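Student: For reference, the structure I am asking about is given below.
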Amino acid sequence: MEKTKVEVVSGDLTSRLRNFIEKYYHKELLTVVKKGGLSLIIDFLNIAKFDRDIADNLLENPTEIIEYFESAIKEFDLPEETVIVVRIVNLPKSQHIRIRDIRSKHLGKLISTDGLIRQASDIRPKMTVGIFECGGCGNQLIVEQRESKLREPIKCQCGRKGKFRLIDKKMVDMQRLLIEESPESLGGGEQPKRIAVFLSEDLLDPKLEKRRYPGNKIRIVGIIREVVVPLRTGGQSTKFDLLIDTNSLETVEEEFEEIEITLEDKKIIEDLAKDPYVFQKLVHSLVPSIYGHETIKEALVLQLFGGVKKVRSDGTRMRGDMHVFLVGDPGSGKSEMLKYIVTLAPKARYISGKGATSAGLTAAVVKDEFMRGWALEAGALVLANKGICAVDELDKMTPEDRSAMHEALEQQTITISKANIQATLRAETSVLAAANPKFGRFDPFSPLAAQIDLPSTLINRFDLIFPVRDIPNIELDKKIAKHILELQKDFEAVKADIDPKLMRKYIAYAKQNCFPKLTNAAQEVIEKFYIDLRSAAALDEAEIKAIPISARQLQALVRMAEASAKIRLSSKVSKKDAERAIALLKYCMQAVGTDPETGKFDIDRITTGITATQRSRISIIKQIIRDLEGKVGKMIPISEISKAAEEEGIEASKAEELISNLIKKGDLFEPRHGVVQRTG
């Protein structure tokens with residue numbers, strides 16, 4: 001027959017727990033005291049091994065048993081005024097409860113749960129013990145404060161029931177986190193549930209602040225408590241809210257930089273890095289369910305590894321994260337690639353078109369129930385800090401919502417100035433975006449900016465822009481059909497060269513240990529490519545010169561070359577790395593940055609949607625209008641402009657198209673049909 005709780009307690013539980021600490025944790029306890037620590041972390045499995053009854057009691061009556069644990073610690077020969085708190089970790093699976101499954105039957109029990117931090121309040125002191133003085137006899141009364149409302153003594157020993165004066169108090173730091181179920185734990189159509197979590201004492205150590213950032217995935221071990229929901233009338237409601245009084249907290253989802261690499265993993269990774277075909281293996285291991293698109297996969301591998309973030313002594317930063325944009329035909333596997341990258345990166349978010357707002361992307365300011373003020377709630381770009389944010393259906397988002405991305409893409413911060421909150425949040429996030437062209441399919445003869453209906457300033461912030469095209473090709477179609485049908489027959493048929501778990505560790509190891517620098521040879525190759533393209537444009541005799549490449553693309557080349565060096569775990573960027581980066585940029589520029597009329601690279605085709613040729617023609621049309629004003633007056637017939645444009649070598653249809661664009665932009669207006677007038 002099992003012992004009851006009363007029997008366990010009646011046997012000297014304190015001395016029993018002292019024996020347990022001596023057996024399992026004596027060394028750890030001395031280390032904690034020596035280092036000035038405040039808590040002793042105890043594994044629940046060790047308690048269960050030592051005494052099953054104590055383990056069961058701990059789950060049922062955690063507050064009481066933890067107090068016994070702390071009494072047992074006080075019996076050790078420790079320096080005076082040393083207060084060590086006991087933190088329990090590694091609860092059995094039976095005690096792991098999803099936020100949505102927490103019920104009133106769990107009140108007062110020790111449970112574990114995990115979720116994403118969505119909101120964190122400021123850290124503020126909270127009274128734990130109040131010391132009151134009796135006005136009649138001067139006696140001091142100690143009252144523990146467990147609720148949000150101040151508890152005063154009911155009665156003094158002298159019989160006085162009147163008001164008592166608060167003369168002293170003991171305080172602890174307190175913070176409220178709002179945690180939400182993580183998306184991967186939800187079924188279809190389920191809305192993530194939330195619960196408030198309270199942290200105190202050493203859990204709020206400034207060194208552990210990184211664990212408490214919004215966006216982190218954490219595992220909580222704590223006691224379920226109830227809190228009264230106040231009525232508007234001021235009375236007490238019969239309804240209660242649930243919260244978790246945290247006993248221990250650990251981070252579940254780390255950044256790449258925090259993934260633990262064992263010595264065995266290190267050896268496998270270093271051996272793999274020596275393989276001359278490691279880059280090809282990584283490319284083939286990425287999205288194995290999609291056939292082809294090798295160049296895009298190369299770019300995605302480089303994006304995962306990323307460049308080197310540079311910070312000057314004066315605080316100036318240069319981002320190391322790459323942004324990649326896929327635009328093209330529907331059904332070509334763009335979303336599949338985005339989803340795969342999100343599962344591969346440890347800290348990643350996937351958002352899609354109409355389902356995203358500017359607040360959901362950046363941050364929202366919400367009412368803070370705990371501090372009675374306003375609090376920040378992190379959006380996707382902040383939640384994916386030091387990770388990857390995949391934005392699908394970018395073209396379906398509203399312009400107001402998209403505009404929130406501008407600052408995050410280049411400055412890698414998100415500045416909020418709402419209500420009484422002025423804050424700058426970190427968003428060191430690589431963005432992988434996908435969009436469909438305006439008219440369904442990609443048109444190689446129309447500027448990219450005109451097809452996607454996106455602002456050129458946003459497009460310009462992406463390092464690489466890939467058109468994903470679906471063009472009939474007998475040989476390629478045969479291979480794609482075979483690949484898809486093989487997968488349908490046996491989903492495990494296509495194996496990756498490198499297992500996703502190993503790839504994740506490989507990327508983490510490279511990010512933790514490799515910070516490659518440009519060699520002279522690599523610098524010369526990139527410089528030559530940049531200067532050759534620019535000088536060809538400078539020698540062009542056209543009045544308005546095409547700008548083939550800008551400084552932004554030069555920085556993108558450096559980032560890609562650094563990522564390529566990281567793959568080899570090298571501390572130096574070689575000439576070959578620079579050539580790989582140049583090849584990728586050339587591929588993108590040929591696909592989306594070539595002026596179809598001249599066949600030359602023109603970066604303005606991407607960044608503004610207007611090529612140098614068009615700009616040159618626009619200036620000719622404007623000059624024609626100014627000249628005609630002197631002859632025919634302010635109102636000029638369009639037929640006259642077209643006639644003069646033909647003499648300058650511009651076709652009548654092109655002239656009419658340019659006039660139409662100038663009317664749209666507000667440079668001209670049409671007082672009556674067939675006649676235009678300058679607005680200025």
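The values are calculated or read from the model by the stated rules, or taken from the named source; none is laboratory data. All figures in this text were calculated on a predicted structure; none of them were measured in a lab. Don't worry about glycine lacking a Cβ; one is built from the backbone with ideal geometry, like all the others, and counts go over all protein chains shown.
Student: Could you check, for the range 206-216, whether at least one of its residues is modelled with pLDDT of 80 or more, closer than 22 Å to ILE123 by Cα, of a type in the set (Lys, Arg) and not assigned by TED's automatic domain parsing to the domain that holds PRO500?
Tutor: No, there is no match, as no residue in the range 206-216 is modelled with pLDDT of 80 or more, closer than 22 Å to ILE123 by Cα, of a type in the set (Lys, Arg) and not assigned by TED's automatic domain parsing to the domain that holds PRO500.
Student: For the range 330-364: of the residues being small (Gly, Ala, Ser) and part of a strand (DSSP E or B), which is nearest to the chain's Cα centre (by Cα)? Spell out the reasoning first.
Tutor: Narrowing the range 330-364 to residues small (Gly, Ala, Ser): 331-333, 335, 345, 348, 352-353, 355-356, 358-360, 363-364.
Next cut, part of a strand (DSSP E or B) only: 348, 352, 363-364.
Details: ALA348: 6, SER352: 15, ALA363: 12, ALA364: 15 Å.
Step by step, filter the range 330-364, then rank; the result is ALA348.
Student: Within the range 127-146, is even one residue under 40 Å from the mean Cα position of the chain (by Cα) and either closer than 29 Å to VAL252 by Cα or assigned to a strand (DSSP E or B) (or both)? Outline the logic, then answer.
Tutor: Here is the first cut: in the range 127-146, the ones under 40 Å from the mean Cα position of the chain (by Cα) are 127-128, 145-146.
Now restrict to residues that are either closer than 29 Å to VAL252 by Cα or assigned to a strand (DSSP E or B) (or both): 127-128.
Checking the range 127-146: at least one residue is under 40 Å from the mean Cα position of the chain (by Cα) and either closer than 29 Å to VAL252 by Cα or assigned to a strand (DSSP E or B) (or both).
Student: Any idea which of VAL382, VAL327, VAL308 is in a loop (DSSP other than H, G, I, E, B), more than 18 Å from PRO500 (Cα to Cα) and at pLDDT 80 or above?
Tutor: Working: VAL382 fails: in a loop (DSSP other than H, G, I, E, B); VAL327 fails: in a loop (DSSP other than H, G, I, E, B).
Every option except VAL308 fails the conditions.
Student: Output yes when any residue across the range 564-585 is touching a Gly at 6+ places or on another chain (Cβ under 8 Å) and either modelled with pLDDT under 55 or not in a strand (DSSP E or B) (or both), and no when none is. It would help to see each step written out before you state the result.
Tutor: First, the residues of the range 564-585 that are touching a Gly at 6+ places or on another chain (Cβ under 8 Å): 566.
Those left that are additionally either modelled with pLDDT under 55 or not in a strand (DSSP E or B) (or both): 566.
There is at least one residue in the range 564-585 that is touching a Gly at 6+ places or on another chain (Cβ under 8 Å) and either modelled with pLDDT under 55 or not in a strand (DSSP E or B) (or both).
Student: Here's another thing I want to ask about it. Identify all residues within the range 311-324 that are outside any strand (DSSP E or B) and not basic (Lys, Arg); write none if there are none. Reasoning before the result, please.
Tutor: Taking the range 311-324 as the starting set, the residues that turn out to be outside any strand (DSSP E or B) are 312-316, 319-323.
Passing the criteria: SER313, ASP314, GLY315, THR316, GLY320, ASP321, MET322, HIS323.
Student: Any residue in the range 670-678 that is in contact with a helix residue (DSSP H, G or I) (Cβ under 7 Å, 6 or more places away or on another chain), within 11 Å of ARG617 (Cα to Cα) and either modelled with pLDDT of 75 or more or of a type in the set (Phe, Trp, Tyr) (or both)?
Tutor: Within the range 670-678, not a single residue is in contact with a helix residue (DSSP H, G or I) (Cβ under 7 Å, 6 or more places away or on another chain), within 11 Å of ARG617 (Cα to Cα) and either modelled with pLDDT of 75 or more or of a type in the set (Phe, Trp, Tyr) (or both).
Student: Condition check: hydrophobic (A, V, I, L, M, F, W, C), in a helix (DSSP H, G or I), farther than 30 Å from LYS161 by Cβ and not assigned by TED's automatic domain parsing to the domain that holds LEU208. Does PHE69 satisfy that?
Tutor: Working: hydrophobic (A, V, I, L, M, F, W, C): yes; in a helix (DSSP H, G or I): yes; farther than 30 Å from LYS161 by Cβ: yes; not assigned by TED's automatic domain parsing to the domain that holds LEU208: yes.
In short, yes.
Student: Conditions first: (1) in contact with a Gly (Cβ under 8 Å, 6 or more places away or on another chain); (2) exposed (fewer than 14 other Cβ atoms within 10 Å of the Cβ). LYS309 passes all but one, so which condition is the exception?
Tutor: The single condition LYS309 does not satisfy is (2).
Student: With the checklist (1) at pLDDT 80 or above; (2) crowded, with 17+ Cβ neighbours inside 10 Å in hand, flag the one item ASP667 doesn't pass.
Tutor: Just one mismatch for ASP667, condition (1).
Student: Give me the residue from the range 517-549 that is small (Gly, Ala, Ser) and buried (at least 16 other Cβ atoms within 10 Å of the Cβ) and, out of that set, modelled with the lowest pLDDT. Show your work before the answer.
Tutor: In the first step, residues of the range 517-549 are kept if they are small (Gly, Ala, Ser); the result is 521-522, 535-538, 542, 546.
From what is left, the residues that are buried (at least 16 other Cβ atoms within 10 Å of the Cβ) are 522, 537, 546.
Working: ALA522: 89, ALA537: 48, ALA546: 40.
Checking each candidate, the answer is ALA546.
Student: Name every residue in the range 330-379 that is among the acidic types (Asp, Glu), surrounded by 17 or more Cβ atoms within 10 Å (Cβ to Cβ) and either modelled with pLDDT of 80 or more or more than 21 Å from GLN411 (Cα to Cα) (or both), in order of residue number. Can you show your working first?
Tutor: Here is the first cut: in the range 330-379, the ones among the acidic types (Asp, Glu) are 336, 368-369, 377.
So of that shortlist, the ones also surrounded by 17 or more Cβ atoms within 10 Å (Cβ to Cβ) come out as 368, 377.
ASP368, the sole residue that qualifies.
Student: Do we have GLY36 as surrounded by fewer than 16 Cβ atoms within 10 Å (Cβ to Cβ) and either part of a strand (DSSP E or B) or not aromatic (Phe, Trp, Tyr) (or both) here?
Tutor: Numbers: surrounded by fewer than 16 Cβ atoms within 10 Å (Cβ to Cβ): yes; either part of a strand (DSSP E or B) or not aromatic (Phe, Trp, Tyr) (or both): yes.
Against the criterion (surrounded by fewer than 16 Cβ atoms within 10 Å (Cβ to Cβ) and either part of a strand (DSSP E or B) or not aromatic (Phe, Trp, Tyr) (or both)), GLY36 qualifies.
Conditions (1) at pLDDT 90 or above; (2) within 17 Å of ASN247 (Cα to Cα), marked per residue:
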position	(1), (2)
VAL6	no, no
ASP12	no, no
ARG18	no, no
GLU22	no, no
LYS34	no, no
SER39	no, yes
THR63	no, yes
PHE69	no, yes
ILE88	yes, yes
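Student: Being in contact with a helix residue (DSSP H, G or I) (Cβ under 8 Å, 6 or more places away or on another chain), touching a residue at least 12 places away in the same chain (Cβ under 8 Å) and under 19 Å from SER248 (Cα atoms) narrows it down to one residue among ILE88, ILE99; which is it? Spell out the reasoning first.
Tutor: Numbers: ILE99 fails: in contact with a helix residue (DSSP H, G or I) (Cβ under 8 Å, 6 or more places away or on another chain).
The match here is ILE88.
For every residue, the table says whether it meets (1) within 23 Å of THR362 (Cβ to Cβ); (2) surrounded by fewer than 17 Cβ atoms within 10 Å (Cβ to Cβ); (3) at pLDDT 85 or above; (4) of a type in the set (Asp, Glu).
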position	(1), (2), (3), (4)
SER417	yes, yes, no, no
ALA423	yes, yes, no, no
SER456	yes, no, no, no
ASN473	no, yes, no, no
ASP477	no, yes, no, yes
LYS495	no, yes, no, no
LYS501	no, yes, no, no
PHE515	no, yes, yes, no
